[in-house]
């Protein structure tokens, strides 16, 4: 396939995938798009929303649409790391045998991840970054494509363990699942309370996903766009060379280099989905919120003023845009 | 890539055109504003700026602005970025510009995509030629400028009478302007600032005349005033020219002096007139030649200046020089007198000698004491106390001489001297007498400072008044004599050195040995003097003397009962400090 055909194939595959998910998941376009972008960019997603908004359904439907293994882990405070990764079990034959945990799947749904202890949460770290699990000194590779989709409930914070920054940084996107509108809700009710449930067909394979990831990596990024993206990352640091005013006021720690990688990767996927061969500044702006919102560590003042991470990201984007002017003034 | 570059050039040309358009308007706006300000300043007579020049300034700035806009550098990348932004191409063009030949997977597709999108965009849509606020402002200011120029330079709105009056004034103004130009063009003006100021005032006067701001009377007054200023300036110019001429002469003289190798003897051959001599004296003073050693200077000056020196040259001579000159004059006068008395002279020789004697006499008079000094001395000598003191002094000198010859004073002599001293001391207790003496002395010192009394005269007077007489030793008598002192001494390092200068010689005589009998001991302390001041300050010599005294005390050279007294004495001298 040449470049044009590759791009065409990518768009077609992703359109089909989205359409297939859309059969089951009503509304939530941004969330679905975000999950698909993360899938194409080989990233993991943290979904935050109230219970019953279809988070689990989305993951399950995605797994069905690409016909890949899917496992769901319900995190609880008494869960141990071995419950996630697996363990060596003594067998009747007299030896030890590694019994794989639920992490060994293509799509892993870590439901209510913030209810597990930090120890258990950290068991995901190696799997998410290295795509392998080490048990008893023996590394066990995870099968590609591998994607973790964790959910967390913004309410009922009692008895929960907020995710450590190191783990948050490993999530490519943090998507906020909004409450459905009345029209969407009516559609949800109609689809689920009458007739038969829609059946999801397989529209892509594991190989297709890997191919899609390879294609998106080829998308061009001009030096100006790269500079624009990096300016955004730098502006999120209150103690950087050019911090934005809002970051200086409300941010304790800015985005990590992994954030810069994520924003460019996401921009590439967005460009491909939009039928372009280059990343635009608009793509970077679109990726800014899902990439940066969980990577900014806000200070007490933001909490006191009721400023959210999304508002801070908006402020950073505005500050960077203000400095980005037309080079020709006539 | 080639197509992409062609398309970018298309946009680049458009950008250049729009910039030229905008630059021209910006130039017109700024030029008109400046021109308007200058025309206004000219109208208010602050500067000279012909109104028509305002239009030229506006046009020139328009052209300059357009030129700058056209020739300002435009990079293709900037055009690409700008087009992306203005046409909403989502960084297609800039990315293609960078990546078209990078060999990346999507490079060709990227270029093709960018070219396709650029082809759909019209440059004039992205970079339109606008007529906005800037252009409107420029037009408005230009209109005001044109109106101002028209009103100032045009007679259309005037009546026939006003036109005639204006024509007359213009004629007068033209005349003034001619004068001004001559003033401005004139070379060699000594004071350019004054000339410029006068030219500006004349031009202002011309403008005021032209614009009818002055009535006839005022115009006359002002013209009169300016004429006076011009006359004054021309006089100043003449004076400065004369000064310059003199400077040239002086410079020429200096060159002559240098030609002569700085030898004053050779200057006689130059046959200088009086003015040249004065200039030469100034030059000598400036170059420090008058600081030459006294002897050399006296001889050279006598030779170079001859007998026709003015009082000013005489006043420059120091006391020592005057004294020396007087001695030489006296000797010369004696020689001339001898020659005249010898009688073996021709009439011409006699006449020449008489003339020389006359000149000498005049110079000698200048060296003599002034009437004031003579008067002060006379008054002093007539004072009763002074006469008493002189009498006592004579007796004491006789007594001293007698003692030096080994003769003892008789009891009668001693008693008489004691009585006289007590009498004098009693008289000196009288405040009026004391004050009269003090005043007389003060007057003498003043005269000495001014150079009216030489040092020798002063010393003689001091001697007459007994001022040189020191106090007696601890158990002996003492005497003082003033005079010049030349001797040998040691510096701080102990190296032998010549002591020169004027000073008071103090001789202390007395009984030093603890054993009975006489010990001829004379210690002479003569502080060296430089000019009128002691060369060694008191505080410099005191530690040395103190150390010597301490050494004498510690080595048992001073009798036990006197040791404390010696210590106390030095402590008091050093301000009561122990060491």
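Taken together, the values in this text are just the output of simple stated rules run on the coordinates, not laboratory data. As the structure is a computational prediction, the values presented were derived from the model and not from experiment. With ideal geometry, Cβ positions are generated from the backbone for all residues, glycine too; neighbour counts draw on all protein chains shown.
From Cα pairs below 8 angstrom and at least 6 apart in sequence, can you work out the relative contact order of the stretch B:2-153, rounded to a whole percent? Write down the numbers at each step before the final one.
Values: 193 pairs, mean separation 53.0, N = 152.
For the stretch B:2-153, the relative contact order is 35 percent.
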- request: First measure r as the distance between the Cβ atoms of residue B:129 and residue A:91, then evaluate 1/(1 + (r/R0)^6) with R0 = 51 Å and state the FRET efficiency to the nearest 0.05.
  value: 0.05
- line: For the stretch B:40-142, one quarter of the surface area of the C-alpha convex hull, expressed in nm², comes to 9.4
- line: Between residue B:572 and residue B:70, the two model label points (7 Å from Cα along the beta-carbon direction) sit apart by a distance in nm of 10.4
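By the gyration tensor of its Cα atoms, with a ≥ b ≥ c the square roots of the eigenvalues, what is the shape of the stretch B:538-579: rounded for a/c under 1.5, prolate for a/b over b/c, or oblate?
Judged from the Cα gyration tensor, the stretch B:538-579 comes out oblate (a/c at least 1.5, b/c at or above a/b).
Send over the Kirkwood Rh of the stretch A:124-166, from the inverse of the averaged 1/r over different Cα pairs, rounded to one decimal Å.
Working: mean 1/r = 0.0790 Å⁻¹.
Evaluated over the stretch A:124-166, this radius sits at 12.7 Å.
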field: Estimated distance in nm for a label pair at residue A:67 and residue B:229, the labels positioned 7 Å out from Cα along Cα-to-Cβ
entry: 10.7
- request: Rounded to whole Å and sorted largest first, list the principal axis extents of the Cα atoms in the stretch A:61-190.
  value: 60, 35, 27
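Using the per-residue mean of other Cβ atoms lying within 10 Å as a proxy for protection, in what order, highest first, do the peptides A:5-15, B:555-565 fall? Please report the intermediate quantities before stating the final value.
Details: A:5-15: 17.2, B:555-565: 11.0.
Output ranking for A:5-15, B:555-565: A:5-15, B:555-565.
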- request: Take every Cα-Cα pair in the stretch A:219-323 and report what % of them are more than 24 Å apart.
  value: 19
- prompt: Any idea what the relative contact order of chain A is, in percent, if you count C-alpha pairs under 8 Å spaced at least 6 apart?
  reply: 20
- line: Note on the stretch A:1-111: alpha-carbon gyration tensor, axes a ≥ b ≥ c; rule is a/c under 1.5 for rounded, else prolate if a/b larger than b/c, else oblate; result oblate
- prompt: Per the Kirkwood treatment, what hydrodynamic radius in Å, one decimal, follows for the stretch A:130-228 from the mean inverse distance over all distinct Cα pairs?
  reply: 19.1
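Just checking the output field for A:211-220: average partner chain Cβ neighbours within 10 Å of each residue's Cβ? Don't jump to the answer; show the numbers that get you there.
Numbers: counts 0, 0, 0, 1, 2, 0, 1, 5, 5, 14.
Average neighbour count from other chains, rounded to a whole number: 3.
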- line: Cα extents of chain A along the principal axes, largest first, in whole Å, come to 81, 46, 43
field: Relative contact order for the stretch A:75-218, counting Cα pairs under 8 Å that sit 6 or more residues apart, in percent
entry: 22
